[in-house]
Each structure stands twice: as structure tokens, then as C-alpha cells.
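The values are calculated or read from the model by the stated rules, or taken from the named source; none is laboratory data. Everything quoted here is computed from the prediction, not taken from an experiment. Backbone-built Cβ (ideal geometry, glycine too); neighbour counts: all protein chains shown.
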Amino acid sequence: MLMISQFGVYFASLAAAVFAGLMIGQKSLYAAAVCLLAVLLQAAALFFFMGASLLAFLQVMIYAGAVMALVVIAIMTAPTPVAAENVWSRLALPKPLIAAVFILPFLEIAALIMGGGLPAGIAGNVEALQARLGSVLFGPYAAATEAVTLLMLISALAVIDQ
């Protein structure tokens, strides 16, 4: 079991590093957003393999979900040059790498399931941690969280050249 967890950590780290490197060299905003999504999903896989399943869930929900939605909205509102072609149909990424963005998390989860489940010691104080995290997220800091999200959207829209 420990061997599969270690292999998953190394594999997710390597995949995150590869997609981070690919993200830097992209010419298209769409291709860079797909690479960023892959990096965020691999970070969630790292959290999961290290035993922090709640943190992995929050990584997927907050970063891979909400932040990527903000990035896509900012990209969609950006003006396109008049002579630009349809870049979305032919991303600067090879098609096998695009497929890997969606296949890698499923392969990692399958390897974890075939290995017998999560590493030992994860299920200890999950309920207490979830109760404390829920009271913080939905308690006095809920309005601040929404304000920060709105500020991120406005700042992403403000940096777009008109």
C-alpha cells in the first residue's frame, strides 16, 4: 500500500511539473488554461496521495472549479485580434497531452483503489476537521471569501487590454 502511495506522489509530481512547463510555453490562452487545470488537478492528487483527502477535495472544488471558471470568463471577455484564427480547434498542445489531462487523475485513483484504499491514519479526525472547517468557511468569513472572489474577477477583467 505504501509503495502505491509513493508511486502516486511521484507520478502526480512529475505530471504537474510537465504541465507547468508546458503552460509557460503556450501561445494560446486556452491551451495555457488547460495546462493550468492539469496542474491544479495533479496538486489535488498529491494531497490525496499524502493522506489529506479533504484538502484534495477543496483543491478540486475551489481552484480547479472556481478559479478556472474565473480564468475562462476573463479569457472569453478578452478582445480577439481581427486576423486571429480559431485557436481553440487546434491547441498548441499535442492531442495525447490534452487527453492526459483528463485521464491521469482517473488512472491515479484506479491505482489507489487497486492498492487497497487510503494510507493508514487518514480516517482519524476527519469528522472533527470537517466540522471545524465548515464552521470557518460558512461562518464569519463567508462574506470575505465572496469579496475576494469578486475582487479576483474584477482584477482579471481589468488587466485585459481594450
Completion exercise
Within the stretch 19-47, the residues that are modelled with pLDDT under 85, over 23 Å from Thr149 (Cβ atoms) and crowded, with 19+ Cβ neighbours inside 10 Å are Ala31
Problem - Any chance Ala56 is within 13 Å of the chain's Cα centre (by Cα), buried (at least 17 other Cβ atoms within 10 Å of the Cβ) and more than 24 Å from Ile75 (Cβ to Cβ) - result: yes
Practice task
For the stretch 73-82, state whether one or more residues are outside any helix (DSSP H, G or I) and within 30 Å of Glu146 (Cβ to Cβ).
Solution key: yes
Fill in the blank from the handout: In the set Phe138, Phe106, the lone residue that is under 20 Å from the mean Cα position of the chain (by Cα) and either closer than 28 Å to Met50 by Cβ or modelled with pLDDT of 70 or more (or both) is Phe106
